[in-house]
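Here's the structure, in structure tokens; my notes come after.
The values are calculated or read from the model by the stated rules, or taken from the named source; none is laboratory data. Treat the numbers as computed from the prediction; the structure is a model and nothing was measured. Reconstructed Cβ throughout: ideal geometry from the backbone, glycine too, with neighbour counts over all protein chains shown. Surface areas here come from the heavy atoms of the whole protein model, side chains and all, with no ligands, DNA or RNA. Shrake-Rupley method; radii C 1.70, N 1.55, O 1.52, S 1.80 Å.
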Amino acid sequence: MKTWFATLISCACVAGSAMPQSYPSRAITLIVTSAPGGVTDVTGRALAQELTKAWGQPVIVENKGGAAHIIGAQAVARAAADGYTLLVGESGTFAVNPTLIPKDKVPYDTERDFAPITGLVRIYQSLLAAKSLPVNNAAELIAFAKQQPEQLTYGTAGIGTALHMNGALFANMAGIKLTPVHYRGASPALNDLIAGSINTMIVSVSLGLPAYRAGQIKMLGVGAPKRMPLASEIPTITESGLPDYQATAWFGLFAPAGTPDGVVMKIDKEVIRIFSDRAFRERFLDPQMFESMTGPPKDFAAFVKAERAKWAKLIAEVGIKIE
């Protein structure tokens, strides 16, 4: 009996370790929840290229945008839990949508149906203002907004997007009222800010810098914990007048729930190696002002959980709803 039991355990161990050792043995599909050209897509394609080189198996990027990223996420939630279908997801899918979108409108559970693997990149946002607005830092913007309650506007890329949520967070922390104006993307909002049709917006530093350096808008601060090397002349928003405020968007890698731990760990280890490579950082991360946020799956899972709680609290306090 003891011999039989020992043999059974031995076989189970071999079976459990066989897949990670042989993985991947065929093509991997990497689903991104946006159309080609966006940050999610660009990040996914850079990662796919490096994984293909490392593993000798094709990693194919498949764009499944639409419906507030639900279509792409649903495809991964329903896929086989074998590591051959992965998701590059952005913060809204896992941290905002679970509270903002009614549960009966989402065909999956973000906590139950996915296995977080690792964070990928974090993008810091900047606080911008129209040239005509008589403010030069966050403190002056807050004071000016308090003099004109609910008169100032800020542009967003749509309800629940990072631009919207970070703007709402800024107003909530500052104790002011700003009216969101929703656009179909960040670029149209920035164009209207340059034209003076809206007063402010919060958008990625890399998108705002060209217009700022061309003298078309004001950049009041960056939502990073410290000044950024490629924009060191711009103070943080904490320095500029709102202590402890940070504005980010983040992107991570997920697998279907139930994916073997060995496979998850193998993917995680390879991604960490790629994002730690100096050549990759200099070629891909640094020029776009992306900050690597790779790490162990358990740490990323805890981070996602904390982000979900953070935004759920803000949504409740501010009363954000899908219109």
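Observations, loosely collected:
- Number of positions in segment 4-35 that are open to solvent by 50 Å² or more (accessible area, probe 1.4 Å) and modelled with pLDDT of 85 or more: 3
- Restricting attention to segment 305-315, the residues that are without any contact (Cβ under 8 Å) to a residue 60 or more places away in the chain and either at positive phi or among the aliphatic types (A, V, I, L, M) (or both) add up to 2.
- If only residues of segment 80-110 that are free of Cβ contacts under 8 Å to residues at least 60 places away in the same chain and in contact with a Lys or Arg (Cβ under 9 Å, 6 or more places away or on another chain) are counted, the one that is nearest to residue 293 (Cα to Cα) is 109.
- Only one of the numbered conditions (1) crowded, with 18+ Cβ neighbours inside 10 Å; (2) farther than 24 Å from residue 68 by Cα; (3) in contact (Cβ under 8 Å) with a residue 24 or more places away in the chain is violated by residue 265, and that is (1).
- Being outside any helix (DSSP H, G or I) and buried (at least 22 other Cβ atoms within 10 Å of the Cβ) is a property that holds for residue 234.
- Residue count for segment 297-323, restricted to those that are over 19 Å from the mean Cα position of the chain (by Cα) and among the hydrophobic types (A, V, I, L, M, F, W, C): 4
- Across segment 87-116, the qualifying residues are those that are among the aliphatic types (A, V, I, L, M) and open to solvent by 10 Å² or more (accessible area, probe 1.4 Å), and the one among them that is farthest from residue 72 (Cα to Cα) is 100.
- Tabulated pairs, segment 268-288, first farther than 23 Å from residue 20 by Cα, second in a helix (DSSP H, G or I), C-beta under 7 angstrom, 6+ apart or interchain: 280/50; 280/274; 284/46; 288/206
- Output for segment 273-290, where each listed residue is buried (at least 19 other Cβ atoms within 10 Å of the Cβ) and under 24 Å from residue 226 (Cβ atoms): 275, 284, 289, 290
- Segment 36-79, subset within 27 Å of residue 289 (Cα to Cα) and among the charged types (D, E, K, R), residue least open to solvent (accessible area, probe 1.4 Å): 41
- Among residues of segment 291-323 being among the basic types (Lys, Arg) and closer than 17 Å to residue 115 by Cβ, the one that is most open to solvent (accessible area, probe 1.4 Å) is 298.
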